[in-house]
Amino acid sequence: AQTVTQSQPEMSVQEAETVTLSCTYDTSESDYYLFWYKQPPSRQMILVIRQEAYKQQNATENRFSVNFQKAAKSFSLKISDSQLGDAAMYFCAYTTSGSRLTFGEGTQLTVNP
Amino acid sequence: GAGVSQSPSNKVTEKGKDVELRCDPISGHTALYWYRQSLGQGLEFLIYFQGNSAPDKSGLPSDRFSAERTGGSVSTLTIQRTQQEDSAVYLCASSLAGTGGNQPQHFGDGTRLSIL
């Protein structure tokens with residue numbers, strides 16, 4: 001069974017600084033997709049960034065980028081120039097079949113002014 | 001355009017009662033998913049609908065849980081004889097048809113269910 005692990009229950013960062021959230025996963029599949037979702041107190045899960053496993057190039061979306069290490073099964077999220085609005089719970093997620101997402105436990109990010 | 005809409009936003013009910021949770025997906029999205037988010041279990045997959053195919057019900061925790069999707073659009077998740085452990089946030093998501101996850105899932109705001 002596929003598993004996703006986020007080893008940092010909580011992280012904090014100063015406004016305008018950079019923070020990296022860690023995620024590892026376990027799978028025997030060679031083709032899959034990885035995601036980072038953000039969940040603010042409003043509860044809505046918002047897609048932050050997506051990575052296709054067959055692509056070697058790391059995905060980037062404005063201030064958000066990933067470090068995808070397929071051999072190590074690692075998928076970390078880097079947030080640059082952190083803003084107060086980035087404060088939320090962040091979930092790493094995996095899918096191979098296009099049906100269910102398997103989520104990690106989440107990392108609560110605090111941004112300090 | 002409108003996002004995924006879930007109702008009610010919050011639901012409080014007594015143990016043993018039945019509840020129905022509604023999800024209205026994004027127009028044109030053929031795939032619909034239900035997840036449960038609880039303190040002890042994190043985010044769990046419940047059920048997946050794709051077009052006219054038989055749903056993947058493998059995540060439903062017991063036979064008290066059922067879901068249907070009428071006309072390929074609106075979905076209702078029903079929990080019968082509710083128990084206190086059913087207290088959680090129930091999230092619905094939808095996506096365009098695709099393979100291997102190349103179509104990202106878009107989530108609603110969820111329904112917070114509290115069983116007294």
Problem set entry | Enumeration of residues in region A:67-78 that are more than 14 Å from chain B (Cβ to nearest Cβ) and either in contact with a helix residue (DSSP H, G or I) (Cβ under 8 Å, 6 or more places away or on another chain) or closer than 21 Å to B:Gly42 by Cβ (or both) | A:Lys73, A:Ser74, A:Ser76, A:Leu77
Problem set entry | strands (runs of 3 or more DSSP E) lying entirely in region B:75-116 (those with 3 or more residues that are in contact with a strand residue (DSSP E or B) (Cβ under 8 Å, 6 or more places away or on another chain) and within 14 Å of chain A (Cβ to nearest Cβ)) | B:88-95, B:111-115
For this session: Residue by residue through region A:31-47, note down the ones that are surrounded by fewer than 20 Cβ atoms within 10 Å (Cβ to Cβ) and in a strand (DSSP E or B).
Result: A:Ile46, A:Leu47
For this session: Inspect all residues belonging to region A:35-57 and state whether any of them is away from chain B (no Cβ under 12 Å) and not small (Gly, Ala, Ser).
Result: yes
For this session: Determine the pairs where a residue that is closer than 11 Å to B:Ser94 by Cα and within 11 Å of another protein chain (Cβ to nearest Cβ), located within region B:23-50, has a partner that is in a strand (DSSP E or B) and among the β-branched types (Val, Ile, Thr) with Cβ atoms under 8 Å apart, the partner being 6 or more residues away or on another chain.
Result: B:Tyr33/B:Ile47; B:Trp34/B:Ile47
Exercise. So which of B:Ser94, B:Ser73, B:Ser38 is modelled with pLDDT under 95, touching a His at 6+ places or on another chain (Cβ under 6 Å), within 25 Å of A:Ser42 (Cβ to Cβ) and surrounded by 14 or more Cβ atoms within 10 Å (Cβ to Cβ)?
Worked result: B:Ser94
Exercise. In region A:79-103, which residue that is touching a strand residue (DSSP E or B) at 6+ places or on another chain (Cβ under 6 Å), at the interface with another protein chain (Cβ under 8 Å from one of its Cβ atoms) and not in a strand (DSSP E or B) is farthest from A:Pro41 (Cα to Cα)?
Worked result: A:Ser99
Exercise. In region B:44-62, is there at least one residue being under 20 Å from A:Gln44 (Cβ atoms), in contact with a Cys (Cβ under 9 Å, 6 or more places away or on another chain) and either surrounded by fewer than 19 Cβ atoms within 10 Å (Cβ to Cβ) or modelled with pLDDT under 95 (or both)?
Worked result: no
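The values are calculated or read from the model by the stated rules, or taken from the named source; none is laboratory data. Here the structure is a predicted model, which is why all the values come from computation and not from measurement. All Cβ positions, even for glycine, are placed from backbone atoms using ideal geometry, and neighbour counts span all protein chains on display.
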